[in-house]
Amino acid sequence: MPFYKQMGKIPRKRHTVFRKEDGSLYREQVMGTKGFSGIQSILYHHNPPTRMIRSELLKDCRIQYEDQADLAPRHLRSNYYTDLTDAVMGRHYILGNEDVLIGVVNPTKKMDYFYRNGDGDEVLFVHYGSGKVETTFGTLTYKPGDYIVLPIGTIYRVVPDIGESKMLVIETNSWITTPKRYRNPHGQLLEHSPFCERDFHGPERLETYVETKEYEVRTKSRGFLHSHVFGHHPLDVVGWDGYLFPYIFPVEDFEPITGRIHMPPPIHQTFEANNFVICSFVPRMYDYHPEAVPTPYYHSNVDSDEVLYYVKGNFMSRKGIEEGSFTLHPSGIPHGPHPGTIEASIGKKETFELAVMIDTFRPLKVVKQAHPLEDKAYKYSWI
């Protein structure tokens with residue numbers, strides 16, 4: 001995040017002697033992006049973060065995509081997946097390309113290991129359920145509607161509360177940030193932004209562990225999952241400061257931008273990454289021109305694919321969609337509202353829909369294992 005945060009104990013100056021009560025040194029770790037030219041934080045550990053005692057290759061994580069199919073709108077129902085598992089090993093990937101992987105998971109079990117993504121940032125959108133995420137930077141508490149943003153290399157585990165739970169998973173090979181047009185040259189969010197720094201919540205408390213038994217950290221990198229075992233607890237940080245840390249943005253704090261006539265999808269943008277954006281369609285007032293047509297106009301996304309994940313409410317331009325549905329409208333052909341929805345929207349004053357949209361600037365592919373989810377009649381539903 002482009003603002004400074006500090007937690008726990010840190011020395012007055014970076015890269016200087018910082019001793020424990022017994023006189024030994026804390027171990028300083030600089031964690032940053034884009035070499036040394038991006039945002040970074042400095043963490044102080046009880047133990048060297050490099051001191052693993054065992055390493056092995058666990059499995060191949062490379063995605064198998066379907067063969068090229070006909071160019072058409074797609075509808076995939078993620079509620080097909082009902083298995084109850086942990087937040088990482090139970091992920092079901094549905095769509096992806098060279099820049100992003102999109103899927104779902106039903107996390108009801110505490111992870112009995114820790115995890116880090118060594119390829120890029122992750123976003124977990126909480127569809128329903130609650131719990132906490134324990135990280136090297138501290139603990140975050142989540143609830144329905146929260147975006148949980150986890151920077152590349154962050155060691156964490158998800159501990160869900162008892163009950164049903166579901167998350168939308170977005171994995172990148174780049175960095176997640178707020179849209180550049182909403183920030184000034186210093187990184188501060190501007191007045192016309194649909195959110196401000198007060199809406200973003202970093203770790204609430206820093207919990208330091210000094211246990212010295214064996215702990216496993218599973219690391220995803222280069223298309224494979226690796227196991228690294230340490231002889232100390234990986235969350236042994238006593239303090240840190242900087243601009244890089246995991247955080248939560250509650251979708252309820254997204255302030256929608258509205259106008260007299262229909263506004264284009266970029267007004268819903270919440271995050272950006274390399275070659276894709278994430279948008280939030282939230283409850284909002286409709287257009288207020290006396291002759292406004294609130295539904296989206298037909299449009300051709302000539303250079304981007306559009307994915308919508310439906311969270312709750314009645315999505316004004318679609319029929320036959322349920323909570324947990326994904327729709328994919330590929331580049332190269334037009335898409336728009338279903339028959340009858342344009343007429344039905346005229347005169348309406350507000351909508352209570354909630355959905356997450358992901359627009360990619362390289363074509364998305366459907367994962368082979370996701371074929372059982374598909375509503376094959378969807379592409380003909382405009383007849």
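The values are calculated or read from the model by the stated rules, or taken from the named source; none is laboratory data. Here the structure is a predicted model, which is why all the values come from computation and not from measurement. Here the Cβ positions follow ideal geometry from the backbone for every residue, glycine too, while neighbour counts run over all protein chains shown. Side chains included, ligands, DNA and RNA excluded: accessible areas come from the protein's heavy atoms. Shrake-Rupley method; radii C 1.70, N 1.55, O 1.52, S 1.80 Å.
Among beta bridges identified by DSSP and lying wholly in the chain, the antiparallel ones come to about 95 percent.
The amide H of H262, built 1.01 Å from its N in the peptide plane, has V293 as neighbours under 5 Å, considering only residues 5 or more places off or on other chains. Placing unit charges on the Cβ atoms of the charged side chains and taking the dipole of the chain about its Cα centre, the candidate lying farthest along the positive direction among L95, F281, P334 is L95.
The ellipsoid equivalent to the alpha-carbon distribution of the range 132-243 has semi-axes of 28, 17, 17 angstrom, derived from the gyration tensor eigenvalues as √(5λ) and listed largest first.
Beyond 32 Å in Cα-Cα separation lie the following of the pairs K166/K379; K59/K379; K34/K132: K59/K379.
Taking the Cβ of K166 as the center, what net charge do the other residues with Cβ under 15 Å away carry, scoring Lys and Arg +1 and Asp and Glu -1? Numbers along the way, then the final one.
Values: positive: R77, R91, K109, K143, K312; negative: D83, D86, D146, D161, E164, E322, E323.
The answer is -2.
The length gained by stretching the chain between I267 and Y113 to full extension, at 0.36 nm per residue less their Cα-Cα distance, is 51.5 nm. Annotation: per residue accessible area for the range 229-313 equals 38 Å², rounded to a whole number [probe 1.4 Å, protein chains only].
Of all lysines in the structure, the ones whose alpha carbon falls short of 20 Å from that of K348, not counting any fewer than 8 places away in one chain, are K312, K319. What the range 17-156 shows is 44 Å² of accessible area per residue, with the surface traced by a 1.4 Å probe over protein heavy atoms.
Selection among T172, S130, Y378 by position relative to the dipole of the chain gives T172 as farthest towards the positive end (Cβ unit charges, Cα centre). When all alpha carbon pairs of the range 186-314 are counted in 5 Å bins from zero, the resulting P(r) reads 2, 7, 11, 14, 14, 13, 11, 10, 7, 5, 3, 2, 1, 0 %.
Of the residues T108, G120, N79, the one whose Cα sits farthest towards the positive end of the charge dipole of the range 43-131 is T108 (charges of +1 on Lys and Arg Cβ, -1 on Asp and Glu Cβ, taken about the Cα centre).
Loop only by DSSP, 12 or fewer other Cβ within 10 Å of the Cβ. Give me the trypsin sites (Lys or Arg not before Pro) in the range 183-261 that pass, ordered by residue number. Let's see the in-between values first.
Values: sites: R183, R198, R205, K213, R218, K220, R222, R260; in loops: K213, R222, R260.
Qualifying residues, ordered by number: K213, R222, R260.
Here the range 36-158 has 51 percent of its accessible surface on carbon and sulfur atoms, given a 1.4 Å probe and all protein chains in place. Using C-alpha pairs below 8 Å separated by at least 6 residues, the relative contact order for the range 257-383 is 32 percent.
Note on the range 277-383: with neighbouring protein chains present and a 1.4 Å probe, carbon and sulfur make up 59 percent of its accessible heavy-atom surface. Computed from these coordinates, which is volume of the Cα convex hull per residue in Å³: (1) 142; (2) 132; (3) 225? Entry (1).
Evaluated with a Cβ-only charge set (Lys, Arg +1; Asp, Glu -1), the chain carries a dipole of roughly 820 debye about its Cα centre, given to the nearest 20.
Near M52, once Lys and Arg are set to +1 and Asp and Glu to -1 for all other residues with Cβ below 15 Å from its Cβ, the sum equals +2.
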